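To keep things clear, I will list the structure first and then write my remarks on it.
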Amino acid sequence: MRELREIVVLASGSGSNLQALIDAIERGEIKNARIKAVISDRPNAYALERARKHGIPTIVIEPSKYGSREEYDRALMEAIGDVDLVLLLGFMRILGKEFVERYRGKCMNLHPALLPSFPGLAAPKKALRHGVKVSGATIHFVYEEVDQGPIIWQEPVRVEEDDTPATLHERIKKKEHEMLVKVVNMFFEGRLKIEKGDGRDVVRILPRDPVIMEGAPVAEEIKRKVAEEAEKFFKEHGIRPRLAAVLVGMDPASDTYVRIKARACQEAGMECFSVRVPESASEKEVLELIKRFNDDPSVHGIMVELPLPQHIDRMRVLSAIDPSKDVDGLNPLNLGNICYRTSGLYSCTAKAIVKLLDYYEIPLEGQHAVIVNDSVLIGRPLAVLLLNRRATVTICHDKTKNIEDRTREADILITAVGKRDEFLVRKDMVKDGVVVVDAGITVVEKEYEIEGVPRRIKTYLGDVDFEKVKEKARAITPVPGGVGPVTVACMLENLLIAAKTNVSRA
C-alpha cells in the first residue's frame, strides 16, 4: 500500500467542510490520506475543536502577531512544511505571492459561491439580496489571491422562493461536502491537469482508469490462509477437513464445478469426494444420502450441486443438510443466522462479493448498493451482509419497474441474472464512479473453423457490457475471472469452519 498523503487544512470558522473531509477519510472514501494539521488565524475557531476531537494537531497563527503579510505567510509556510495538499476551507486571510508560488498546483480553496459573483462566506446572503436565481459552490486552485485561480469544479444550487440565507447556506454546504471529496480524490489520482488557456490557466479533468477487480489475488489470499489453518488443524487433530459433494443427474456444468472444488480442496490440504445418483432418483433417496453424511463424523462438509431435477424439492434438500456441515451456506438456519451474525457459514457467492469489495478497499458504510438478483443463493443473503456493514440496499428483480432508474442510483451495483439475452447492464444504466460487481454468467457457443475443421467454442459472458460500462466505473469485475474464483475460495473457508465446529462437538 502506498504511503499516506498528507493534507493541511486552513480554516477560520465552524469547520463544516473540515468535518466532511475527516468523515470521508475515516469511511475510506478518500484512501491513504491523513490530515497533518489544522491551522487557523483565530484561536476560537470551532474548526480547531472539531480537529482536536479526532486527534488532529492544531496550530493557531494570529496575524496580529506579525508585522506584515509576508511575515505571516512565512509563519504559515513553516507550519505547513512539505505536504501533498493544502486546503482552504473557510479561511479568512488573503495569501501573498510567496505562499501561492510555493504551493502552486497543490493549494485549493472551496467557496460557497459561483465565482466571480458574490465571493466569500457571505455569498448566500448577497445572492438573495441581489435576487439571483442560482447560487452554488466553487473549488479552485489558489493563484495570486485566495479568491482567484483556475476553477476545478462548480456546482449550482437553485434559489427557491422561500429560501432564507440559512436554508440556502445548508444546501450549498451539502454540495460543498460532495465536491470536496470528489475533487480531493481526483487530485490524488493525478487527474487534475493545469493547462494554458486563452490568457489564463485552466484545469482539465483526466478520465480515470477503472480498477479491474480480478478475483485471482483475492482467492489466492483466502486459500493461502485456509491452507495454513488446515495444516495446523491436521497437526492438532490428525484429521483433514473432508467434503462430500452430491450430484443428481448428469449435468456437465455440475461435473466441472465439482472437479474445480475437489482440486481446490486438494491444493489446500483438504479432501473432497463426490457421490452421484441418477436423475431418476427419488427425493427420499437423496434425503437418505444426506442423512448418511450428516451422521458420518468423517464428513465435515456437505454440498448439493444445483440445479436439482424438478421432481425434487430444493428447499427440503437444503433444509436436510446439517447446518454445521452446510458449506454452501444455503440451509435456512444459516441464511437466518446472517441477520444475527452468529454463523460463519454464509452463502459462498454472497460472502465472496463482500470479500472482493473489501480486498479492493471499496467502502460499504453509507453506500447505496443495488443488487439485481433476489435469490436465496446470492441476492437475499448478500443484502443482509451489506446491511450488516451499514450499506443502504435496494434489491431489483424481474418485476422491478424502470430498473435502469434504480441502477443509476447505485454507488455499488451487483448483478447476477445470467440471462444476457434478456438483461444487459448498459453504459447509460450506471452513474459516473460506480463500482460494478458482475456475478452473472451466460454461456454462448460460437462456431469457428480452425484449420478447415468446424469447432464450437464456449464463451462466458456476464450481465454487464464490460467495455462500455468500465468507461464510467471506478472499479469493475471481469467475467470470467472476477467473483467465480473467490466463491470457490469461500467454500474452502466454510469447509474449514465446518470441520473445526464438528470436531469441537465430537
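The values are calculated or read from the model by the stated rules, or taken from the named source; none is laboratory data. Since the structure is predicted, the reported quantities are computational estimates derived from the model, not experimental observations. Virtual Cβ from ideal backbone geometry, glycine too; neighbours counted across all protein chains shown. Heavy atoms of the whole protein, side chains included, go into the accessibility calculation; ligands, DNA and RNA do not. Shrake-Rupley method; radii C 1.70, N 1.55, O 1.52, S 1.80 Å.
Scan the stretch 250-278 residue by residue and report those that are within 14 Å of Leu495 (Cβ to Cβ) and among the aromatic types (Phe, Trp, Tyr). Within the stretch 250-278, just Phe273 meets the criteria.
As a summary of the residue check, Ala166 satisfies the conditions (1) farther than 21 Å from Met92 by Cβ; (2) assigned to a helix (DSSP H, G or I) except for the one numbered (1). Anything in the stretch 22-45 that is assigned to a loop (DSSP other than H, G, I, E, B) and farther than 20 Å from Val181 by Cα? List them, or say none. Passing the criteria: Asp41, Arg42, Pro43, Asn44, Ala45.
Take the conditions (1) acidic (Asp, Glu); (2) under 30 Å from Ile476 (Cβ atoms); (3) surrounded by fewer than 20 Cβ atoms within 10 Å (Cβ to Cβ); Asp328 misses just one of them, which is (3). In the set Lys65, Lys31, only one residue is within 21 Å of Ile94 (Cβ to Cβ) and modelled with pLDDT under 95; that residue is Lys65.
The residue list Arg129, Arg171, Arg93 contains one member that is under 27 Å from Lys31 (Cα atoms), at pLDDT below 90 and of a type in the set (Lys, Arg), which is Arg171. When the residues of the stretch 335-353 are filtered to those that are small (Gly, Ala, Ser) and in a loop (DSSP other than H, G, I, E, B), the one that is farthest from Leu492 (Cα to Cα) is Ser343. Residues that are over 18 Å from the mean Cα position of the chain (by Cα), open to solvent by 10 Å² or more (accessible area, probe 1.4 Å) and either at pLDDT 90 or above or β-branched (Val, Ile, Thr) (or both) within the stretch 451-478 comprise Val453, Ile457, Thr459, Leu461, Asp465, Glu467, Lys468, listed in sequence order. Across the stretch 260-285, the qualifying residues are those that are in a helix (DSSP H, G or I) and closer than 19 Å to Leu308 by Cβ, and the one among them that is nearest to the chain's Cα centre (by Cα) is Lys261.
When residues in the stretch 234-252 are screened for being part of a helix (DSSP H, G or I) and either free of Cβ contacts under 8 Å to residues at least 24 places away in the same chain or touching a strand residue (DSSP E or B) at 6+ places or on another chain (Cβ under 6 Å) (or both), 3 of them pass.
Within the set Leu287, Leu247, the sole residue that is within 20 Å of Pro323 (Cα to Cα), modelled with pLDDT under 95, in contact with a helix residue (DSSP H, G or I) (Cβ under 9 Å, 6 or more places away or on another chain) and aliphatic (A, V, I, L, M) turns out to be Leu247. Within the stretch 435-449, restricting attention to residues that are surrounded by fewer than 23 Cβ atoms within 10 Å (Cβ to Cβ) and hydrophobic (A, V, I, L, M, F, W, C), the residue that is farthest from Ile353 (Cα to Cα) is Val444. Scanning the stretch 354-394 for residues that are at negative phi, without any contact (Cβ under 8 Å) to a residue 40 or more places away in the chain, of a type outside the set (Asp, Glu) and in a loop (DSSP other than H, G, I, E, B) turns up Arg389, Ala391.
The residues of the stretch 151-162 that are surrounded by fewer than 18 Cβ atoms within 10 Å (Cβ to Cβ) and in contact with a helix residue (DSSP H, G or I) (Cβ under 7 Å, 6 or more places away or on another chain) amount to a single one, Glu155. Phe99 meets all of the listed conditions (1) aromatic (Phe, Trp, Tyr); (2) within 20 Å of Phe187 (Cβ to Cβ); (3) modelled with pLDDT under 90 but one, namely (3).
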